[in-house]
Amino acid sequence: MKDDICLQWCQTASELITRGSSGKSIVFELTALVDEVLAGSFRAATLRSAPDDLALVAIGGYGRSEIVPFSDIDIMLLSRGRDDNTAEAAESVFYKLWDFGLNISHSFRALDECVTDALNDPKTRTSFIDSRFVAGNKALYNEFIRDIYPKILFKKKQTFVGSLLSEVQARHKTFEDSVYLLEPNVKDGIGGLRDMHTLTWLSRVILKIDNVSGLASLLASNDYQHLIKAFDFLLRARLGLHIISQRKNEVLSFEYQDAVARLLGFKNTKRFVAAEIMMRLYYKKSEVIRGVLGRIMNISGRRYIHFPLNLSIKRITDDFYLAKNEITVKDKTIFRSNEKIMEAFGVYSVSGRKFSSQVRENIRGRALFISRKARMSRKAVNCFLDILKGNRVYETLREMHEMGILDRFIPEFGRLRHLVIYEIYHRYTVDEHSLLAVRNLEALKNTRHAKLGYLSDILKGTRQHILFLAILLHDIGKGGYVRIGGNHEESGYKMLKAVIERFNIEHEDRNSIEFLVRNHILLSKLALNRDSEAPETVTQLAEIVENGENLDLLYLMTYADMTAVSPDFWTEWKAYLFHDLYVKTKDHLRGVKAKEYRTSDTNLRGFIESMPDRYVIANTSDILRSDYMLSERVRSEVLATNVLERPDGTAEITVATKDRPGLFSKIVGVLSRRGLNILRARIYTSKNAVALDKVLLSNWNAIWWKGLEEELKEELSRSIVEGAQIRPDFGTIKAAAAGRTLDSFIEIDNETSASHTLLEIFLPDRIGLLYDIAEQLYLNRIDIASAVINTEEGVAQDVFYLQHDGSKLANVFILKILGALYGSEIEKREVTVDRL
């Protein structure tokens, strides 16, 4: 019955949305349908034994008349007191309601229990604030409103307000303090419906405003209208999300955005798809709700948190003053000058104070008047560059962006506002990502994190304003109508020239900014998708950066960019990869030669001389000696293994045995079967045909148990030495980010490396994918020299360094391997042959 009712409500809501009905009117109509069902059930259940003091009360979202399909229905049965008669009647009502199978959250309370329960639990208290009569004894409910409701609102008010403010801060923190998540939570996210509810609760308790319409007396007419429209838009978005997902679901994920957008009437344009248009509007509406909530919270906090009030007025400049710890002006007409607007942000930067609400509104109102002439103003540009040289860069740029000034002063950046680009791993809109990158870099100045100290030291020796400007503008190419698959670095580089001309940047600084914007993904691409121990990787990076200063700037840029992708994208493992490549390239630029080992042990020296140069360069003397001893064990054991646990939580397993065809695929099969996640593989073969395969594992500690290492050795021996077929369990598809546009490809590059052919794949991951690839290479007699395995969020981005008979692959083998990979069950995706 539940499914039938919910489907009927979905159909009703969908029809109303299609007709263009407001979100408020739709939830009202759905609430009326629920009222009809519950009131009828209540009357039927109490027909024979109806006590006079029982009322059915809607609370929470149901009490607010905000019912959407599949949402919870919160009810309370209210009585004057508890006795057998009312308890039996309440139980009868609940049983009747359960028969419908709806998501009903119920409670049974006597009048005198309501205040106690409300004071003990803020969630119960807020649900009571939104109470509404449905059925039963109306006089009893009126008694609740007259005698109990005021106590719920105002008793221990200071504690209640404090709990509401704390809840907002804690909830916002779980959503990374950002409105601009690419997959926002419509209900609980920042600027979402819960924020709207909270501002109404605070308004009732602090300002005694009974409902949303009462906010018209508090807000300016335009602000109030914007708030009502924002609230209505979010209601429609939540309705659409529940209808499309056919379940209770508050996350507007990629999977549903397109369908919800189309249901709400958005259509594709030449520049944007419907979902992107909807999401840009979503962020705009959420900003409105967040802004009003901030004002109400500020008022609420001031009522109960008292700071020593400084009534003196301190002069900052001829036009700006400090009053009540806020930046203010005596003559608001000064903001008719665009240069004064930029000067205001300069004051904001150096004073460490915030604008008064009057100054904020005056500046916001002048945003549209910032013209091309203002952007060319030498005084305004110098003021902006001084902000970038200061100690409050992120906060000032954030304030400029929220007030619409940054968009007008640098329109190339303004195109990024609320811009949604569906890229794997990214969690924020493009403008938010850019600002967070500035924040993360600035935080290095005062970091106490020991593992970031080296980056902080590098930052101290840079021209800060140049680096911050490059980071702010590094993704402007995405606003140049570059769609999926486009090269936003080149597009951004071209757009950047206009900004640099307007700012009249000096030649040396101009070159640095252009270099950073044009190459901002270079270090991450080489570190994550290439073998950082391969000499050609270091050489390629060194040739592009040209000097140590550019390398330092690029390293800092990469840190800022990567940490702003998502909170958990920068890991210890990635930090190691970036730092390792940075150090190797720094040494290369200084002319440091590849290390040579001298030892009196003739056997060890013979082992080192038998190994390829890249092996010697990549490993420490301790590892060389350990690997030598491991290779010696092969004489008696045929196959030997060693596990080295690393400080970053990873572990490297080294397998030593006589080289043979298909060795790597067999190792992958055994490790994958055990659920071990492969991060990287290095494959070395000596002149004596002894193979040393080193495989880095990310989850060794999570999988480890006493005896695992011995069992792995036994399984590897059975597979490699005895020829047993040990394969991973196939068929389980790892969850790639649903709904994301994944530009899958298989690419072969025969130019980057002087000695190897590179095979790069970018495919949805699944169990057995790496094994399949290794097996196909083995069947085609292709040798894997090394592999960089990178799997995140259900996407495999792997690079293999390949040879055939000791040389790069000839064209005939390239075509053969493409046919094998494309024709196998790996993935039928776009396949390209690059730089043959």
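The values are calculated or read from the model by the stated rules, or taken from the named source; none is laboratory data. Note that this is a predicted model, so its numbers are computed, not measured. Positions of Cβ are generated from backbone atoms using ideal geometry, with glycine treated the same way; all protein chains shown enter the neighbour counts. We work out accessible area using only protein heavy atoms, side chains counted, and drop any ligands, DNA or RNA first. Shrake-Rupley method; radii C 1.70, N 1.55, O 1.52, S 1.80 Å.
Cβ-Cβ distances below 7 Å connect the following pairs, each with a first residue in the range 806-825 that is within 16 Å of SER753 (Cβ to Cβ) and among the hydrophobic types (A, V, I, L, M, F, W, C), a second residue that is modelled with pLDDT under 75 and exposed (fewer than 14 other Cβ atoms within 10 Å of the Cβ), and a separation of six or more residues or different chains: ILE814/LEU836.
When the residues of the range 560-580 are filtered to those that are aromatic (Phe, Trp, Tyr) and open to solvent by less than 20 Å² (accessible area, probe 1.4 Å), the one that is nearest to THR537 (Cα to Cα) is PHE578.
Conditions (1) among the aliphatic types (A, V, I, L, M); (2) in contact with a helix residue (DSSP H, G or I) (Cβ under 9 Å, 6 or more places away or on another chain); (3) closer than 26 Å to ALA118 by Cβ, marked per residue:
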residue: LYS24; (1), (2), (3): no, yes, no
residue: ALA32; (1), (2), (3): yes, no, no
residue: ALA55; (1), (2), (3): yes, yes, yes
residue: PHE94; (1), (2), (3): no, yes, yes
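Checking each residue in the range 350-364 for being in a helix (DSSP H, G or I) and of a type in the set (D, E, K, R) picks out ARG360, GLU361, ARG364. State which residue is modelled with the lowest pLDDT when the search covers only the range 731-749 and only residues that are outside any loop (DSSP other than H, G, I, E, B) and open to solvent by 20 Å² or more (accessible area, probe 1.4 Å). Here the answer is ILE733. If the condition is being over 22 Å from GLU36 (Cβ atoms), open to solvent by 30 Å² or more (accessible area, probe 1.4 Å), in a helix (DSSP H, G or I) and of a type outside the set (Gly, Ala, Ser), then the range 87-141 contributes GLU88, GLU91, ASP112, GLU113, THR116, ASP117, LEU119, ASN120, PRO122, LYS123.
What number goes with the only condition from (1) under 25 Å from ARG781 (Cα atoms); (2) free of Cβ contacts under 8 Å to residues at least 60 places away in the same chain; (3) in contact with a strand residue (DSSP E or B) (Cβ under 8 Å, 6 or more places away or on another chain) that GLU652 does not pass? Against the list (1) under 25 Å from ARG781 (Cα atoms); (2) free of Cβ contacts under 8 Å to residues at least 60 places away in the same chain; (3) in contact with a strand residue (DSSP E or B) (Cβ under 8 Å, 6 or more places away or on another chain), GLU652 comes up short only on (1).
Among the conditions (1) out of contact with any strand residue (DSSP E or B) (no Cβ under 7 Å at 6 or more places or on another chain); (2) open to solvent by 60 Å² or more (accessible area, probe 1.4 Å); (3) not in a helix (DSSP H, G or I), the only one that LYS314 does not satisfy is (1). In the range 679-696, the qualifying residues are those that are open to solvent by 10 Å² or more (accessible area, probe 1.4 Å) and not charged (D, E, K, R), and the one that is farthest from the chain's Cα centre (by Cα) is ASN688. Candidates in the range 763-820 are the residues that are assigned to a helix (DSSP H, G or I) and of a type in the set (D, E, K, R); of these, the one that is farthest from PHE569 (Cα to Cα) is LYS816. In the condition set (1) under 25 Å from THR86 (Cβ atoms); (2) touching a helix residue (DSSP H, G or I) at 6+ places or on another chain (Cβ under 9 Å), LYS156 is compliant with all but (1).
Is there a residue being assigned to a helix (DSSP H, G or I), under 44 Å from the mean Cα position of the chain (by Cα) and closer than 28 Å to ALA724 by Cβ anywhere in the range 630-649? Yes, that holds for at least one residue.
Pairs are defined by a Cβ separation below 6 Å, a sequence spacing of at least 6 or placement on different chains, a first member in the range 68-95 that is under 12 Å from LEU111 (Cβ atoms) and touching a residue at least 40 places away in the same chain (Cβ under 8 Å), and a second member that is β-branched (Val, Ile, Thr) and part of a strand (DSSP E or B); the pairs so defined are MET76/VAL57; LEU78/VAL57. So is GLU339 surrounded by 13 or more Cβ atoms within 10 Å (Cβ to Cβ), modelled with pLDDT of 90 or more and closer than 26 Å to LEU199 by Cα or not? It is false that GLU339 is surrounded by 13 or more Cβ atoms within 10 Å (Cβ to Cβ), modelled with pLDDT of 90 or more and closer than 26 Å to LEU199 by Cα. Just one of the listed residues (ARG290, ARG295) is surrounded by fewer than 18 Cβ atoms within 10 Å (Cβ to Cβ), part of a helix (DSSP H, G or I), on the phi < 0 side of the Ramachandran plot and basic (Lys, Arg), namely ARG295. Residues of the range 815-828 that are surrounded by fewer than 21 Cβ atoms within 10 Å (Cβ to Cβ) and at pLDDT 70 or above: LEU815, LYS816, GLY819, ALA820. Only one entry in ASP35, ASP52, ASP4 is open to solvent by less than 50 Å² (accessible area, probe 1.4 Å) and either of a type in the set (D, E, K, R) or assigned to a helix (DSSP H, G or I) (or both), namely ASP35. Meeting the requirement of 1 or more residues that are within 24 Å of GLY352 (Cα to Cα) and open to solvent by 10 Å² or more (accessible area, probe 1.4 Å), the helices (runs of 4 or more DSSP H) wholly within the range 365-462 are 378-389, 393-402, 405-409, 430-443, 453-460.
This table checks each residue for (1) at pLDDT below 95; (2) touching a helix residue (DSSP H, G or I) at 6+ places or on another chain (Cβ under 9 Å).
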{"site": "ILE73", "(1), (2)": "yes, yes"}
{"site": "ARG80", "(1), (2)": "yes, yes"}
{"site": "ALA87", "(1), (2)": "yes, no"}
{"site": "ASN103", "(1), (2)": "yes, yes"}
{"site": "ALA110", "(1), (2)": "yes, yes"}
{"site": "ARG125", "(1), (2)": "no, yes"}
{"site": "ALA135", "(1), (2)": "yes, yes"}
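In the set (1) under 30 Å from ALA44 (Cβ atoms); (2) out of contact with any Asp or Glu (no Cβ under 8 Å at 6 or more places or on another chain), ASN137 fails one condition alone, (2).
Restricting LYS586, LYS595 to those that are under 27 Å from LYS451 (Cα atoms) and at pLDDT 90 or above reduces the list to LYS586. Is it the case that ASN249 is of a type in the set (S, T, N, Q) and more than 21 Å from the chain's Cα centre (by Cα)? No: the conditions fail for ASN249.
I need a count of the residues in the range 664-676 that are open to solvent by less than 50 Å² (accessible area, probe 1.4 Å) and assigned to a loop (DSSP other than H, G, I, E, B). Count: 2.
In the range 463-481, of all residues being modelled with pLDDT under 90 and more than 21 Å from the chain's Cα centre (by Cα), the one that is farthest from THR558 (Cα to Cα) corresponds to TYR481.
Quick check on GLU536: is it touching a Phe, Trp or Tyr at 6+ places or on another chain (Cβ under 9 Å), touching a residue at least 12 places away in the same chain (Cβ under 8 Å) and surrounded by fewer than 22 Cβ atoms within 10 Å (Cβ to Cβ)? So GLU536 does not fit the description; no.
Scanning the range 244-263 for residues that are open to solvent by less than 20 Å² (accessible area, probe 1.4 Å) and in contact with a helix residue (DSSP H, G or I) (Cβ under 7 Å, 6 or more places away or on another chain) gives SER245, ASN249, LEU252, GLN257, VAL260, ALA261.
Contact annotation: residue pairs with Cβ atoms under 6 Å, 6 or more positions apart or on different chains, pairing a residue in the range 492-508 that is surrounded by 13 or more Cβ atoms within 10 Å (Cβ to Cβ) with a partner that is among the charged types (D, E, K, R), are TYR493/ARG518; MET495/GLU412; VAL499/GLU412; ILE500/ARG510; ARG502/ARG375.
Residue count for the range 750-764, restricted to those that are farther than 16 Å from THR537 by Cα and open to solvent by less than 10 Å² (accessible area, probe 1.4 Å): 2.
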